[in-house]
Amino acid sequence: MHTLNHLFRKLFNSQQSGLVIVILIIGVVLSFFAGFHVDHLTGQKINNFINAYTLMQTGTDASFFAIMAIGMTLVVISGGIDLSVGSIYALSGIAMAMFLRSAGALSPVATVTIGLSISLGVGLLCGLINGVMITGLKVHPFIITLGTMWVFRGIAFVASKAESILVPDALTSVAKADFLGLAIYPVPMLIMLAVTALGALYLAGTVMGRHIYAVGGNAEASRYAGLRVNRILVGVYVVSGLTAGIAAFVGSSYYGSASCADATGYELYVIAAAVVGGASLSGGRGSAPSAMLGAILIVLIRQSIRTLHLDQNYEWIIIGCAIIVAVVFDRLNARLTAKRLLTESARARSEEREA
Amino acid sequence: MENIHPIIRFEGIGKRFPGVQALRGVNLEIRRGTCHALIGENGAGKSTLGKILAGLYQPDEGRLILDGRAVGFRSPRDAFLAGIGIVHQELAFCENLSVAENLCLGSLPAKRGFICRRSMKAMAEQTLAVIDASLNVETVMAELSMGQQQLVQIAGALAGGARIIVFDEPTSSLSQVEARRLFKLVKSLPARGITSIYISHRLEEIFELCDNITVLRDGCVVATKQASAVSEKELAAMMIGRSLDAYYPRRTTGSGGKTELLRVKNLSSPGKFSSISFSVNAGEIVGLAGLVGSGRTEVALALFGLDQQASGDVLINADKTLITSPGEAMRHRIGLVPEDRKRCGLILSMNARENISLAILEKTATFGWVRRKKENELAQTYFDRLRVCAPHVNALAASLSGGNQQKLVVARWLAADCRLLIMDEPTRGVDVGAKAEIHGIIDHMARSESGILLISSELPEVINLSDRVLVMRNGRLAGELPRKQASQGAILKLMAGVAA
């Protein structure tokens, strides 16, 4: 028990364990109220929430948000915002699908390699455009990415002529690989975990990661400490575009098609996930695992509306309230922590004086 | 005489903040029509006491007696209505609004809900006339200097019928000229029957302005003295609770090495400064004096690669170099401790370790990965060496006092192994104890063969630490004084442009 507690502490900080607890509570409550249905083939009673299909569906939905939320977290820590991720998703997916359609028949390995490089490449390029415009033109990221949000989606729309484009089966068989033939498709979730782990390592372990926190905390002081602030800022938008490209590759492959209307409105879910995960829109604060948990929490709340057969029209109201409540609680917690730290150092000061 | 009864009496005032007893059992009387100084180190409780009087804080215990009657202010507005105003640099205005709008904010003249601009302007001009300040009342607040903003604050307080004005560290961000103007105004207040309470840790100005001085330490009153009956040294000793060997110890060394670290030839930047030439040797402290706005800070920024318009020759170790970015300056082992610590020096949302290691992180990393053990060791070393007072090296920078925050910035450059450190106002807003420590650090750096370019508005600091003093005036080098000739008078003459 002790080691389990230790492991838990090592894996999650207090803010993250708060999110895990909330997610578990919602899960338990949901399974309790979800009711049962009887499987026609086996005649077994099955919980409407705790069953392979629903859990997998929830996890898969969360994956796409979470992958992008990792990139968004970097942007938010740096003090910026990226409204264009949903559009980058659509453009990357369309670009990949159109190229593969025109390329004709290819070997499965070539299809996956080309598909991956195109969707990631387009995502990266879009991010680069955002970053260079934000730092070069010195315009607030909200404005630049609001503009590119429409521009990127517009390009996807024009290029695809608003058609939905099928992607080759080779991609689907990778993204929707069946786990032991149980009709469980874990690839999106595995990629979510991988991207989260990479994001967490990047932020906590690398110089670049530390520099992102520094720039978000105080860009001017970072410049005075010799940091190349513009390069760091371009970097975070590139990573944000890249994660949108990854999500597009997994998403389009998983569902078997790409459309210019894909991921419409996702940017707000993604920003919400990062913020529910404790990232501060004023910069300097945030973490990758928390953003993933934030995405899971939001999708879970959405799922509970469906499972409990509440009126679908209430979805937005409930999600909106949940986001506000989550952030208010998080800030309260942060304020208490700050107060505790202040008290500690004040005590140290008075002890020093007495000594 | 009405002077027999004090205008204000604090009786057993106590105030707790989470984790600290800011004030305990403070008894103090302030006489009508005097200028009364409250002095003490940072954290001594002097500002807290001023803020209690101005209604910004409420005492936990004790009574406040105003004109013989106990009063309890629940807000600054209560205090204002009772005739108490405060001049406080952080109690800011709406910077986006004009002087007139700010002065009339409490009671904007309006007709049917629309603001009457003409009467607002007249009201504001009348208010400013009280202190003979000539300002365009339609100027946006943000465009005024700190000194002008203070004048507006004082005018606002006087026009509101203030009988008592609390000045909380009023000169900490004023230029000398602005400070002189403020002093003149403060000196004129007793004649108008106004009592001033002057909170500061600058002893020179207290002797100039105040009749009585109360020293606070650790939330208690140490003593109240008449200004004429006490010396600066005695006050400093009371403030820190032990006698300082010397308040501003004059450095004993002063030869300076002979190896030239930096030579600047004809450094110019359009509209900021021109034809600046000087050198800094290893082991030498070169003071750079001048009025605020004379171009001192701008020269420092240019040397650190933060002025793209700067032209001229910079020689480092006799090699001609062009420094176009702070990164480049760092490669030449130049560091800068900036003037505005909170805006340019520190990342307040990060902890002490991260702030110390910020400039060196990239160099100590392997393939872009932070080496935590090495980082910890490095940070801990300088954290201990500079005696940063915090619970541990992972304490948030925002939770430290001004002096300790400044130590973090200095530690950053020590960790980065700088050979030339430019320090812009290194002891601004730092208490006496920490100031002495920072002076010790500067001295120690010079002894270990680093070069220091020391910019300061405090002449005693420049004089006592520097081996040579450069004086700037209106963007030009007005003169260079060797250590022996660097007296306060000589420097002031050069600063003001009076022929010596």
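The values are calculated or read from the model by the stated rules, or taken from the named source; none is laboratory data. Because the structure is a prediction, the values reported are computed rather than measured. In this analysis, Cβ positions are derived from the backbone assuming ideal geometry, glycine residues included, and neighbour counts consider all displayed protein chains. For accessibility, only protein heavy atoms count, side chains too; no ligands or nucleic acids. Shrake-Rupley method; radii C 1.70, N 1.55, O 1.52, S 1.80 Å.
Being more than 23 Å from A:Gly217 (Cα to Cα), of a type in the set (A, V, I, L, M, F, W, C) and open to solvent by 30 Å² or more (accessible area, probe 1.4 Å), is that true of even one residue in the range B:439-450? Show your work before the answer.
First, the residues of the range B:439-450 that are more than 23 Å from A:Gly217 (Cα to Cα): B:439-450.
So of that shortlist, the ones also of a type in the set (A, V, I, L, M, F, W, C) come out as B:441-442, B:445-446.
If we keep only those that are open to solvent by 30 Å² or more (accessible area, probe 1.4 Å) too, we end up with none.
Looking through the range B:439-450, none of the residues is more than 23 Å from A:Gly217 (Cα to Cα), of a type in the set (A, V, I, L, M, F, W, C) and open to solvent by 30 Å² or more (accessible area, probe 1.4 Å).
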### Summary
Of those in the range A:93-105 that are within 13 Å of A:Leu171 (Cβ to Cβ) and open to solvent by less than 70 Å² (accessible area, probe 1.4 Å), the residue nearest to the chain's Cα centre (by Cα) is A:Gly93
### Task
Could you identify the single residue in A:Val122, A:Val139, A:Val112 that is more than 14 Å from chain B (Cβ to nearest Cβ), without any contact (Cβ under 8 Å) to a residue 40 or more places away in the chain and open to solvent by 30 Å² or more (accessible area, probe 1.4 Å)?
A:Val139
### Checklist (1) at pLDDT below 90; (2) within 21 Å of B:Gly335 (Cβ to Cβ); (3) surrounded by fewer than 23 Cβ atoms within 10 Å (Cβ to Cβ) applied to B:Pro460, failing item
(2)
#### Entry: Entirely in the range B:284-386, the strands (runs of 3 or more DSSP E) that have 3 or more residues that are under 21 Å from B:Leu267 (Cβ atoms) and either open to solvent by less than 60 Å² (accessible area, probe 1.4 Å) or not assigned by TED's automatic domain parsing to the domain that holds B:Glu461 (or both)
B:285-290, B:311-316, B:334-337
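Please work out if B:Leu288 is touching a strand residue (DSSP E or B) at 6+ places or on another chain (Cβ under 9 Å), within 14 Å of another protein chain (Cβ to nearest Cβ) and either farther than 30 Å from B:Ala179 by Cβ or among the aliphatic types (A, V, I, L, M) (or both).
Taking the combined requirement at face value, the residue does not satisfy it.
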### Task
Of the conditions (1) crowded, with 18+ Cβ neighbours inside 10 Å; (2) out of contact with any Leu (no Cβ under 8 Å at 6 or more places or on another chain); (3) of a type in the set (Phe, Trp, Tyr), A:Trp150 clears all except one; give me its number.
(1)
#### Entry: Single unsatisfied condition, B:Lys374 versus (1) out of contact with any helix residue (DSSP H, G or I) (no Cβ under 6 Å at 6 or more places or on another chain); (2) over 20 Å from A:Thr343 (Cβ atoms); (3) more than 8 Å from chain A (Cβ to nearest Cβ)
(1)
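If we scan the range B:91-103, do we find a residue that is among the aromatic types (Phe, Trp, Tyr) and within 16 Å of B:Ile164 (Cβ to Cβ)? Break it down stepwise before answering.
The initial filter retains those residues of the range B:91-103 that are among the aromatic types (Phe, Trp, Tyr), namely B:93.
Subset that is within 16 Å of B:Ile164 (Cβ to Cβ): none.
Looking for residues that are among the aromatic types (Phe, Trp, Tyr) and within 16 Å of B:Ile164 (Cβ to Cβ), one finds none in the range B:91-103, hence no.
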### Message
Whether any residue in the range B:273-291 is over 23 Å from the mean Cα position of the chain (by Cα), farther than 28 Å from B:Ser175 by Cβ and among the polar types (S, T, N, Q) is what I want to check.
### Response
yes
### Task
Within the range B:106-135, track down each residue that is without any contact (Cβ under 8 Å) to a residue 12 or more places away in the chain, under 17 Å from B:Ala157 (Cα atoms) and in a loop (DSSP other than H, G, I, E, B).
B:Asp132, B:Ser134
### Query
Which ones in the range A:215-229 are facing chain B (nearest Cβ under 7 Å), of a type in the set (A, V, I, L, M) and either in contact (Cβ under 8 Å) with a residue 40 or more places away in the chain or not in a helix (DSSP H, G or I) (or both)?
A:Ala225
#### Entry: Evaluation of B:Thr224 against (1) assigned to a loop (DSSP other than H, G, I, E, B); (2) modelled with pLDDT of 90 or more (one fails), failing number
(1)
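Output the number of residues of the range B:27-79 satisfying the condition of being within 15 Å of B:Arg163 (Cβ to Cβ) and open to solvent by 40 Å² or more (accessible area, probe 1.4 Å). So that I can check it myself, show each step before the final result.
At the first step, the residues of the range B:27-79 found to be within 15 Å of B:Arg163 (Cβ to Cβ) are B:30-36, B:53-55, B:64-69, B:71, B:73, B:78-79.
Of the ones still in play, those that are also open to solvent by 40 Å² or more (accessible area, probe 1.4 Å) are B:31-32, B:67-69, B:71, B:78.
Here the count works out to 7.
If you go through the range B:26-52, how many residues are in a strand (DSSP E or B) and of a type in the set (S, T, N, Q)?
The initial filter retains those residues of the range B:26-52 that are in a strand (DSSP E or B), namely B:26-30, B:35-39.
Filter once more, so that each one left must be of a type in the set (S, T, N, Q): B:27.
Selection size over the range B:26-52: 1.
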### Query
Taking the range B:13-26 as the search range and keeping residues that are open to solvent by 30 Å² or more (accessible area, probe 1.4 Å) and under 21 Å from B:Leu400 (Cβ atoms), which one is modelled with the lowest pLDDT?
B:Pro18
### Summary
A:Ser280: passes all of (1) away from every other protein chain (no Cβ under 14 Å); (2) surrounded by fewer than 21 Cβ atoms within 10 Å (Cβ to Cβ) but (1)
### Query
Among the candidates B:Arg217, B:Arg163, which residue alone is modelled with pLDDT of 85 or more and open to solvent by 50 Å² or more (accessible area, probe 1.4 Å)?
B:Arg163
### Message
Looking at the structure I just gave you, is B:Gly403 in contact (Cβ under 8 Å) with a residue 40 or more places away in the chain and either closer than 26 Å to B:Gly451 by Cα or facing another protein chain (nearest Cβ under 10 Å) (or both)?
### Response
yes
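Can B:Arg387 be described as within 8 Å of chain A (Cβ to nearest Cβ) and within 22 Å of the chain's Cα centre (by Cα)?
Details: within 8 Å of chain A (Cβ to nearest Cβ): no; within 22 Å of the chain's Cα centre (by Cα): yes.
So B:Arg387 fails the test.
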### Message
Restricting to the range A:185-214, and then to whatever is of a type in the set (Ser, Thr, Tyr) and farther than 30 Å from B:Ile422 by Cα, can you tell me which residue is nearest to the other protein chains (Cβ to nearest Cβ)?
### Response
A:Tyr202
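Results for (1) under 20 Å from A:Pro188 (Cβ atoms); (2) open to solvent by 30 Å² or more (accessible area, probe 1.4 Å); (3) of a type outside the set (Val, Ile, Thr); (4) in contact (Cβ under 8 Å) with a residue 60 or more places away in the chain, shown as yes or no for each residue.
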position	(1), (2), (3), (4)
A:Gly251	yes, no, yes, yes
A:Gly256	yes, no, yes, yes
A:Asp262	yes, yes, yes, yes
A:Ala288	yes, no, yes, yes
A:Val299	yes, no, no, yes
A:Leu308	no, yes, yes, yes
A:Asn313	no, yes, yes, no
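Are any residues in the range B:346-363 more than 9 Å from every other protein chain (Cβ to nearest Cβ) and of a type in the set (S, T, N, Q), and if so, which ones? Spell out how you get there, then give the answer.
Initially, the range B:346-363 is screened for residues more than 9 Å from every other protein chain (Cβ to nearest Cβ), giving B:351-353, B:356, B:360, B:363.
If the condition is that a residue be more than 9 Å from every other protein chain (Cβ to nearest Cβ) and of a type in the set (S, T, N, Q), then B:Asn351 is the only one that fits.
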### Query
Which residues, counting only those in the range A:153-171, are buried (at least 18 other Cβ atoms within 10 Å of the Cβ) and hydroxyl-bearing (Ser, Thr, Tyr)?
A:Ser160
